[in-house]
Amino acid sequence: MQTFDGIVRKSWFAPKTWAFWRALIVCFFAFNIIGHWVELGYCVAVDALFDAVEDDYAVWDDPWWHPYWVYGLGVVFMTLVFEPVKERLLRGSASVWETVAKTFVLAMFVSMVLELTFGLIVNQPDAAGNYPYWNNEKLPFNVLNQAWLVNDFFLGLASTVYIWVVFPLVCAGFEHLKPRTANIAFALIAAGFALCCLTSYLEIIASGRLG
């Protein structure tokens, strides 16, 4: 039986194969939904500690199965960028944990840069000083009122867990299935995700919050 160490050390970055893209698409589907759940829990905690989440923020009202696309796109980015980086760091390294630590630091830094860049582009305050999407100026460890190092820490942690645990396990899981069974499982997952999209958007439109 393949050990877990063998799973994380194995090269799963194979963009010329259907198996790689099948696993990545499944992770994209899954994390659009899982990311929504994580954001809801995170917002509950941040609001309780800092009173920093607006009452009309969509996460309070969106159906629990509604996809939050930024998280699905995030895992695609993390896979395409960090999976080969992880494998390069592993080569010649005697310690997996040292490489995990390096991955975390790099992922946290990239998360901060992306959050800051996105905020500076789309989240500029108006003449009255009101921010259109989020306002981090009252939060400790904020970066130019846009990025928040607490966010970036948890984004880096989540990215590290995804790269080192989740994606390898999804790949290994499909690898242990017969090709036809793996494709059937993929089709069922895709159909389930499409149903989540359809029904959640219909509910949001019916509520008057979209369209």
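Some notes on this structure:
- Some residue of the range 114-136 being among the hydrophobic types (A, V, I, L, M, F, W, C), closer than 21 Å to L49 by Cα and without any contact (Cβ under 8 Å) to a residue 12 or more places away in the chain: no
- Looking at L177, L120, L188, L155, just one residue is within 20 Å of I33 (Cα to Cα) and more than 17 Å from the chain's Cα centre (by Cα), and that residue is L188.
- Looking only at the range 152-211, residues that are among the aliphatic types (A, V, I, L, M), over 20 Å from V76 (Cβ atoms) and in contact (Cβ under 8 Å) with a residue 24 or more places away in the chain come to 1 in all.
- A Cβ distance below 9 Å, combined with a sequence gap of six or more or placement on separate chains, defines the contacts here; from the range 58-79, residues that are more than 24 Å from W12 (Cα to Cα) reach residues that are among the charged types (D, E, K, R) and open to solvent by less than 40 Å² (accessible area, probe 1.4 Å) in the pairs V59/E39; Y68/E39; Y68/D62.
- Flag for A128 being small (G, A, S), in a loop (DSSP other than H, G, I, E, B) and open to solvent by 40 Å² or more (accessible area, probe 1.4 Å): yes
- The residues of the range 26-83 that are of a type in the set (D, E) and either at pLDDT 95 or above or not in a helix (DSSP H, G or I) (or both), listed by number, are D51, E54, D55, D56, D61, D62.
- Taken together, the residues in the range 1-25 that are among the basic types (K, R) and modelled with pLDDT under 95 amount to 2.
- Looking across the range 52-81 at every residue that is among the aromatic types (F, W, Y) and more than 16 Å from the chain's Cα centre (by Cα), the one that is most open to solvent (accessible area, probe 1.4 Å) is identified as W64.
Residues are listed down the side, and each one gets a yes or a no for (1) surrounded by 14 or more Cβ atoms within 10 Å (Cβ to Cβ); (2) hydrophobic (A, V, I, L, M, F, W, C):
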site	(1), (2)
R9	yes, no
F20	yes, yes
A45	no, yes
E83	yes, no
A94	no, yes
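- Pairing each residue of the range 89-110 that is over 20 Å from A147 (Cβ atoms) with any residue that is open to solvent by 30 Å² or more (accessible area, probe 1.4 Å) and aliphatic (A, V, I, L, M), provided the two are 6+ apart or on different chains, yields C-beta distances under 7 Å for T99/L89; K102/L89.
The values are calculated or read from the model by the stated rules, or taken from the named source; none is laboratory data. Keep in mind it's a predicted model, so treat the numbers as computed, not measured. Here the Cβ is made from the backbone with ideal geometry for all residues, glycine too, and neighbour counts use every protein chain on show. Just the protein is used for accessible areas: all its heavy atoms, side chains included, with ligands, DNA and RNA removed. Shrake-Rupley method; radii C 1.70, N 1.55, O 1.52, S 1.80 Å.
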